[in-house]
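I have placed the structure first, in the form of structure tokens, so that the comments after it can refer back to it.
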Amino acid sequence: MKIQLGCDLGYQVTGPTTFILNIQPASTPRQRILSETLAITPEGTRTESWTVPETGNRYLRIHAEAGTELQIHHEAEVELDAHVVDPSELTEVPPGELPPEALPHLWPSRFCESDRLQRLAQREFCDTPPGHARVTAICNWVNDRIAYLRGASGPTTTAIETMVSGAGVCRDFAHLSVALCRALGIPARYISAHAPGLVPPDFHAVFEAFLGDKWWLFDATRQAPLEALVRIGQGRDAAEAAFAEFHGDATPIRIEVRAVVTEGLDVQRDVRTTLAVAETP
């Protein structure tokens, strides 16, 4: 499957500002970047880039001067190898048998207060068969109870606040799902992604649960096909996978995101930990 994606970001900079962006797709054995361009104006703006080995997150740091209008243009073509497996094969792993790298994703985090949701999670999901079925039940529960409503939450909204308000956006759906998984002893992590088919086009937030011996994608919003998601970043919650943050004085004036499947809608791929899909319609 081939996907053409990109974004255009604009900021009015009124004071010296440092931007840290995580907008470029990760490069994995099952997510190959075929071509990529990045343009920043004004020309000569000082930039730095790096990749975090543990996560594959690619960061871009930009130093902008006061009085400038910063423009970031990114384009990429990505090839995915997608494979959907039988969900019944995906089982939960007892904490004592989890690989060390999965253990931090059992712990509460800033936006996913799993320690405060344990009684609720046990009451709602204790009778659900463990494994993929239980994570799917969590997605269904969140989807049934939370209205997808733009502007209903903010950058500091937590999973419990989303549950109380009953509304949120993709980030909030992901945070609540992650918190409920962790409350049941299932490692879960936040994923930022490009999502072909999302209306209107935007950066998207989903999550992964650790089942069997791999990470598997889930999306409680049900707004985009999992097999076409292009991973950008991952973290314990959105604080570790924000697409943009800035330190200084700047105002966003433009955010345009695009992602279109151009070839191979039905192509399957071998399962890999870094990009695995196991969701069924």
- prompt: What FRET efficiency do you get for Trp107 and Asp8 if R0 is 35 Å and r is their Cβ-Cβ distance, rounded to the nearest 0.05?
  reply: 0.45
message: Need the full-extension length gain, Ser27 to Ala133, defined as separation in residues times 0.36 nm minus the C-alpha distance. One decimal, nm.
response: 35.2 nm
query: Given Cα pairs under 8 Å that are at least 6 residues apart, what percent is the relative contact order of the range 43-91?
result: 25
statement: When Thr221, Thr17, Thr47 are arranged by how many other beta-carbons sit within 10 Å of their Cβ, fewest first, they go Thr47, Thr17, Thr221
- line: Zone reached by a paramagnetic label modelled 7 Å from Thr41 Cα along Cα→Cβ, restricted to the range 52-72 with backbone N below 18 Å, covers 63-72
Order of Glu124, Glu113 - criterion: other Cβ atoms within 10 Å of each residue's Cβ, fewest first: Glu124, Glu113
- prompt: Rounded to the nearest 500, what is the chain's calculated 222 nm mean residue ellipticity when only DSSP H runs of at least 4 contribute -39500 (n - 2.57) each, over all residues?
  reply: -4500 deg cm²/dmol
- line: Put in order of increasing Cβ neighbours within 10 Å, starting from the fewest, Trp50, Trp216, Trp141 give Trp50, Trp141, Trp216
query: What's the extension gain from Ala239 to His63 if we count 0.36 nm per residue and subtract their Cα-Cα distance?
result: 61.3 nm
- request: Grab the other residues whose beta carbon is less than 12 angstrom from that of Gly154, score K and R as +1, D and E as -1, and report the net.
  value: 0
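No value in this document is a laboratory result; all are computed from the given coordinates. The model shown is predicted, which means the values in this text are computed figures rather than measured ones. Virtual Cβ from ideal backbone geometry, glycine too; neighbours counted across all protein chains shown.
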